[in-house]
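One structure is given here, and the rest of the page talks about it.
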Amino acid sequence: MNSGAPGPLAVGRVKFFGRHRGERLLTASEDGCVYGWETQSGRLLWRLTGHAGPVKFCRFSPDGRLFATTSHDCTIRLWDVAEAKCLSVLKGHQQSVETVSFSPDGKQLASGGWDRRVMLWEVQSGQMLRHLGGHRDSIQSSDFAPSSDSLATGSWDSTICIWDLRMGTPVTFHQELEGHSGNISCLCYSASGLLASGSWDKTIHIWKPSTRSLLVQLKGHVTWVKSIAFSPDGSQLASAGYSHMVKVWDCNTGKCIQTLKGVLDVAHACAFTPDGKLLVSGAADQARCQVHCSIKSPRASRI
């Protein structure tokens, strides 16, 4: 984390990229397509088809050369960024696939969905490596620890499972983090290994997984928390709920330092760009709002 206090977030520019029907941004759509955008210009780079149902989630690989998409059609697709083409289709889930994550080393992929299964895949071959069972309801979120040796998954059974991936046997030890009173909808690791979880109980928890300790509870959302994202330095956390705003929190104090109200409709997703200068949010009105963040000017305007 930074030693200095984080500066206020200012909206230097807000762009709405309609038609959901330098850096690249991925968006998943209910129309069964995945879209690629240029963040600075807002230009649509490509619209990719292939899934036979709504695209539920998408994520870049750590090196930015690949991305993965999940769908209601029960499959995961791996895509080549440079060629904008599908490389492989991963099949094995029996119901809608809701989440996908790359390991930090880019060698493995984790997926989960309505069939209550967590599946680990080898990225290069597309082969399924392990099937992890334990959740009692739909798996909606997942993220690898920075070390790649463990995986966190969040479920509608209101629990978070931490899976130890260092063991080579199909039966992988896991521990549960309990404390939320509602479905777990989103998870995110910080670069330092802290884990944040968002829930239908309208709260966000920040955990130290190694000790199963709850470090801080963030309260302020009036609706379900849908998406969370740490800033690259781990000092701030952004969160989006089923509301018209995105909140930004100071992870050290647990205080909300900014509420961004530039979202026209229900905010479904939020993410920082790798350099931490932009915070991107997606809304249910089929537009995306892109805002500058981490501007430390004392005269920076607020919304």
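Of VAL222, VAL216, all but one fail to be assigned to a strand (DSSP E or B), farther than 24 Å from ARG136 by Cβ and of a type outside the set (Ser, Thr, Tyr); the exception is VAL216.
Looking only at residues of segment 25-45 that are open to solvent by 20 Å² or more (accessible area, probe 1.4 Å) and more than 23 Å from GLU98 (Cβ to Cβ), we find that the one that is nearest to the chain's Cα centre (by Cα) is GLU38. Kindly provide the set of residues from segment 122-135 that are under 20 Å from LEU177 (Cα atoms) and modelled with pLDDT of 90 or more, ordered by number. Scanning segment 122-135 gives a single hit, HIS135. With the structure loaded, tell me whether LEU151 is open to solvent by less than 20 Å² (accessible area, probe 1.4 Å) and assigned by the TED database to the domain that holds ILE76 or whether it fails that test. Against the criterion (open to solvent by less than 20 Å² (accessible area, probe 1.4 Å) and assigned by the TED database to the domain that holds ILE76), LEU151 qualifies.
Look through HIS135, HIS221 and report the one residue that is over 15 Å from the mean Cα position of the chain (by Cα), outside the structural domain of GLY112 (by the TED database), at negative phi and not aliphatic (A, V, I, L, M).
Exactly one of HIS135, HIS221 is over 15 Å from the mean Cα position of the chain (by Cα), outside the structural domain of GLY112 (by the TED database), at negative phi and not aliphatic (A, V, I, L, M), namely HIS221.
Report yes if SER210 is crowded, with 21+ Cβ neighbours inside 10 Å and hydroxyl-bearing (Ser, Thr, Tyr), otherwise no. Considered against the rule, which asks whether it is crowded, with 21+ Cβ neighbours inside 10 Å and hydroxyl-bearing (Ser, Thr, Tyr), SER210 comes out as no.
When the residues of segment 114-129 are narrowed to those that are among the hydrophobic types (A, V, I, L, M, F, W, C) and in a strand (DSSP E or B), which ends up surrounded by the most Cβ atoms within 10 Å (Cβ to Cβ)? My answer is VAL118. Looking only at segment 225-250, which residues are touching a Lys or Arg at 6+ places or on another chain (Cβ under 6 Å) and in a strand (DSSP E or B)? If the condition is that a residue be touching a Lys or Arg at 6+ places or on another chain (Cβ under 6 Å) and in a strand (DSSP E or B), then SER239, ALA240, GLY241 are the ones that fit. Of the residues that make up segment 102-109, is at least one in contact with a Gly (Cβ under 8 Å, 6 or more places away or on another chain) and surrounded by fewer than 22 Cβ atoms within 10 Å (Cβ to Cβ)? No, because not a single residue in segment 102-109 is in contact with a Gly (Cβ under 8 Å, 6 or more places away or on another chain) and surrounded by fewer than 22 Cβ atoms within 10 Å (Cβ to Cβ).
Please specify each residue of segment 71-101 satisfying the condition of being of a type in the set (Asp, Glu) and either part of a loop (DSSP other than H, G, I, E, B) or open to solvent by 60 Å² or more (accessible area, probe 1.4 Å) (or both). Listed by number, the residues that qualify are ASP73, GLU83. In the set (1) at pLDDT 90 or above; (2) closer than 17 Å to THR27 by Cβ, SER239 fails one condition alone, (2). Out of all the residues in segment 132-142, is one or more assigned to a loop (DSSP other than H, G, I, E, B), hydrophobic (A, V, I, L, M, F, W, C) and surrounded by 15 or more Cβ atoms within 10 Å (Cβ to Cβ)? No, segment 132-142 contains no residue that is assigned to a loop (DSSP other than H, G, I, E, B), hydrophobic (A, V, I, L, M, F, W, C) and surrounded by 15 or more Cβ atoms within 10 Å (Cβ to Cβ). For segment 46-57: of the residues being open to solvent by less than 30 Å² (accessible area, probe 1.4 Å) and part of a strand (DSSP E or B), which is farthest from LEU25 (Cα to Cα)? It comes out as VAL55.
The values are calculated or read from the model by the stated rules, or taken from the named source; none is laboratory data. Bear in mind the structure is a predicted one, so any value in this text is a computation, not a measurement. As a convention, Cβ positions derive from the backbone with ideal geometry for all residues, glycine included, and neighbour counts pool all protein chains shown. Ligands, DNA and RNA are stripped out before the accessible areas are found, and what is left, the full protein with its side chains, is counted by its heavy atoms. Shrake-Rupley method; radii C 1.70, N 1.55, O 1.52, S 1.80 Å.
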